Amino acid sequence: MAKRVFPTGTLMQGKKGLIMGVANKNSIAWAIAEQLAAQGAELAFTYQGEALERRVRPLAESLGADIIVPCDVTDDASMDACFDAIKDTWGEMDFLVHSIAFAGREQLAGSFIDQTTREGFATAMDISAYSFVDSARRASALMDAGGAMITMTYLGSERVIPNYNVMGVAKAALEACTRYLAADLGPRGIRVNAISAGPLKTLAAAGIGSGRHMFRFNKAAAALRENTELEGVAGAALYLLSSLGTSCTGETHHVDGGFHAIGMPQEEALKQSLGID
Ligand code: NAD
Ligand code: 0WE
C-alpha cells in the first residue's frame, strides 16, 4: 500500500491536542494525527490498554508525542490520570479528537429487536456516546483560550444499516451530544463537531458479516462512485480543528463520497453492486 501523504503547513503550529482512539496504523484517529502533525500540531495520545500500547507507542513516538498514556473511558480513575497527565505536562490544550466506539459483538449481527439487550445498550451508549461528554468536560477545563473538538460518527445514526443495530442508536446519541456540547462550550470559544465517515477498513470494521457487500454497495451508490478515503476524513478533521473551521460548530459533516445524499441509486449502480451485468 502506498504511504499516505498529507498536505504540510503551519495551520496547527503552536496548537496542542489529545488524540483518543488509535489502535493501530489503520485507525481513523491515526490518519487524523498524521494530518495534524503535518500542520505543526503537538500531540498527546491515549491507548486503551497494555495490549495496544505495543502498537500505539511506536506510532505516537514517530510523531514526537510528548504524552502517551493509557485510558479506558469506562474507568473514571483512568480518565482522571489521563487528563492529569496533560494538565501536568502542558497546563492547557487546544483540541481533542475522540475516535472511540464499542458495542458487544453479539449486538452487531442479526436483527436490532432481538439482539439488543439492556446491558448491550448501556455499554454501547457508555463507550460510544457518554465518553465524548466526559472527555469534552475534562478537555474543556484545560481550554482557557478557546479550542475545538471532534468525534467520529456513521450514517447508521440517521438511517437503518443492517447489523449496525444498537451502534446506530449510540451514534444518534453521540450526534445529539455534539450539539448540546457545542451549545454549552460555544460561549467559551470552543467548537464541537462530528465527522460522519463512510465505511473504512479499520479494526472496528473488520469482521463485519456483510463487509464485502457493504463496500461494494457504497462504492456503486455513492455520488463519487468510490469508497471513502481516509485522507478526506483527515482533511475534514484539520478543517474543523484549525482556524479554517471558525464559525462552524454543532455540525455533523459527512465525508462519505456523497453516499448520504442519495435516496435511490442509479439503475446501473444497483446492478453493479449486486454483481449483475
Ligand atoms: P479502530 O478500531 O481503529 O478505533 C476504535 C478505537 O476505540 C480503538 O482505538 C479502541 O481502543 C477504542 N476503544 C474502544 N473501547 C474503548 C474504551 N473502553 N476505552 C478507550 N478506548 C476504547 O477503528 P476506527 O474505525 O478507526 O474507529 C474510530 C471511530 O470511527 C469510531 O467511533 C467508529 O465508530 C468511527 N467510524 C468508523 C467507521 C469505519 O467504517 N471504520 C466509519 C464511520 C465512523
Ligand atoms: O462504528 C463502527 C464500528 C464500531 C464497532 C466495531 C466493533 C467490532 C468489534 C463497535 N463495536 C465493535 N465491537 C466489536 O466487538 N463502524 C462505523 C464500522 C461499521 O461497523 C458495522 C458497520 C460499519 C460501517 C457493523 C455492522 C454494519 C456496518
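The values are calculated or read from the model by the stated rules, or taken from the named source; none is laboratory data. It should be emphasised that the depicted structure is a prediction, and the values quoted were computed from it without experimental measurement. Reconstructed Cβ throughout: ideal geometry from the backbone, glycine too, with neighbour counts over all protein chains shown.
Can you name every residue in region 46-66 that is touching an Asp or Glu at 6+ places or on another chain (Cβ under 9 Å) and over 15 Å from A29 (Cβ atoms)?
Answer for region 46-66, where residues must be touching an Asp or Glu at 6+ places or on another chain (Cβ under 9 Å) and over 15 Å from A29 (Cβ atoms): G49, G64, D66.
Taking region 30-46 as the search range and keeping residues that are under 17 Å from T202 (Cα atoms) and crowded, with 24+ Cβ neighbours inside 10 Å, which one is farthest from ligand 1 (Cβ to nearest atom)? Show your work before the answer.
Kept after step one, since they are under 17 Å from T202 (Cα atoms), are these residues of region 30-46: 30-34.
Cutting the leftovers down to crowded, with 24+ Cβ neighbours inside 10 Å gives us 30-33.
Details: W30: 8, A31: 8, I32: 9, A33: 11 Å.
My answer is A33.
Does T228 meet the test of being crowded, with 20+ Cβ neighbours inside 10 Å, touching a residue at least 24 places away in the same chain (Cβ under 8 Å) and assigned to a loop (DSSP other than H, G, I, E, B)?
Values: crowded, with 20+ Cβ neighbours inside 10 Å: yes; touching a residue at least 24 places away in the same chain (Cβ under 8 Å): yes; assigned to a loop (DSSP other than H, G, I, E, B): yes.
Yes, satisfied.
Which ones in region 163-195 are under 13 Å from the mean Cα position of the chain (by Cα), within 27 Å of E119 (Cβ to Cβ) and not basic (K, R)? Working first, answer last.
Our first condition is that a residue be under 13 Å from the mean Cα position of the chain (by Cα); within region 163-195, this holds for 171, 174-175, 178, 192-195.
From what is left, the residues that are within 27 Å of E119 (Cβ to Cβ) are 171, 174-175, 178, 194.
L174, E175, T178, A194, listed by residue number.
Return the pair list, or none, for Cβ contacts closer than 8 Å from residues in region 170-187 that are of a type in the set (D, E, K, R) to residues that are part of a helix (DSSP H, G or I), at least 6 apart or on different chains.
Qualifying pairs under 8 Å: K171/S128; K171/A129; K171/G156; K171/S157; E175/S157.
Could you check region 77-124 and list, in sequence order, the residues that are under 21 Å from the mean Cα position of the chain (by Cα), more than 21 Å from S157 (Cβ to Cβ) and not aliphatic (A, V, I, L, M)?
Within region 77-124, S78, C82, F83, D94, F95 qualify.
So which residues in region 162-175 are within 12 Å of ligand 1 (Cβ to nearest atom) and either surrounded by fewer than 18 Cβ atoms within 10 Å (Cβ to Cβ) or small (G, A, S) (or both), if there are any at all?
G168, A170
Please return the ranges of strands (runs of 3 or more DSSP E) entirely within region 1-102 where 1 or more residues are among the polar types (S, T, N, Q). Break it down into steps so the answer makes sense when it comes.
Details: elements: 16-20, 42-47, 67-70, 95-98.
Per the criteria, 42-47.
Can you find a residue that is farther than 24 Å from I190 by Cβ and within 16 Å of ligand 2 (Cβ to nearest atom) anywhere in region 78-99?
Of all residues in region 78-99, those farther than 24 Å from I190 by Cβ come to none.
Within region 78-99 (the criterion being farther than 24 Å from I190 by Cβ and within 16 Å of ligand 2 (Cβ to nearest atom)), the answer is no, since none of the residues qualifies.
Give the residue that is surrounded by the fewest Cβ atoms within 10 Å (Cβ to Cβ), with candidates limited to residues of region 188-203 that are touching a Ser or Thr at 6+ places or on another chain (Cβ under 8 Å) and over 25 Å from C248 (Cβ atoms). Before you say what the answer is, go through the steps one by one.
Residues of region 188-203 touching a Ser or Thr at 6+ places or on another chain (Cβ under 8 Å): 188, 190-200, 202-203.
So of that shortlist, the ones also over 25 Å from C248 (Cβ atoms) come out as 202-203.
On the way: T202: 19, L203: 12.
That would be L203.
Looking at region 122-141, I want the residues that are over 17 Å from W90 (Cβ atoms) and have a partner that is of a type in the set (F, W, Y) and at pLDDT 95 or above with Cβ atoms under 8 Å, at least 6 apart or on another chain. Which pairs are those?
Sorted first by the residue in region 122-141, then by its partner, the pairs are T123/F102; A124/F102; I127/F102; S128/F102.
For residues that are under 26 Å from L181 (Cα atoms) and among the small types (G, A, S), scanning just region 57-106, find the one that is surrounded by the most Cβ atoms within 10 Å (Cβ to Cβ).
So, considering only residues that are under 26 Å from L181 (Cα atoms) and among the small types (G, A, S), the one surrounded by the most Cβ atoms within 10 Å (Cβ to Cβ) is S99.
Within region 240-255, can you find the residues that are part of a helix (DSSP H, G or I) and among the aliphatic types (A, V, I, L, M)? Even if it seems obvious, please write down each step before you answer.
As a first pass, look at region 240-255 and keep what is part of a helix (DSSP H, G or I): 240-241, 243-245.
If the condition is that a residue be part of a helix (DSSP H, G or I) and among the aliphatic types (A, V, I, L, M), then L240, L241, L244 are the ones that fit.
Exactly one condition in (1) buried (at least 21 other Cβ atoms within 10 Å of the Cβ); (2) in contact with a strand residue (DSSP E or B) (Cβ under 9 Å, 6 or more places away or on another chain); (3) among the small types (G, A, S); (4) assigned to a loop (DSSP other than H, G, I, E, B) is not met by A237; state its number.
The one condition A237 does not meet is (4).
Is it the case that some residue within region 150-159 is surrounded by 23 or more Cβ atoms within 10 Å (Cβ to Cβ), within 16 Å of ligand 2 (Cβ to nearest atom), among the polar types (S, T, N, Q) and over 25 Å from S242 (Cα atoms)?
no
What are the residues in region 11-26 that are crowded, with 23+ Cβ neighbours inside 10 Å and within 14 Å of ligand 2 (Cβ to nearest atom), if any?
Correct list: G21 only.
Of the numbered conditions (1) at positive phi; (2) more than 19 Å from the chain's Cα centre (by Cα), G209 satisfies every one except a single condition; which is it?
Every listed condition holds for G209 apart from (1).
If we keep just the residues of region 172-225 that are more than 16 Å from ligand 2 (Cβ to nearest atom) and not in a helix (DSSP H, G or I), which is farthest from L241 (Cα to Cα)?
It comes out as R225.
Out of the residues in region 53-94 that are within 15 Å of ligand 1 (Cβ to nearest atom) and of a type in the set (K, R), state the one that is farthest from E42 (Cα to Cα).
The qualifying residue farthest from E42 (Cα to Cα) is R54.
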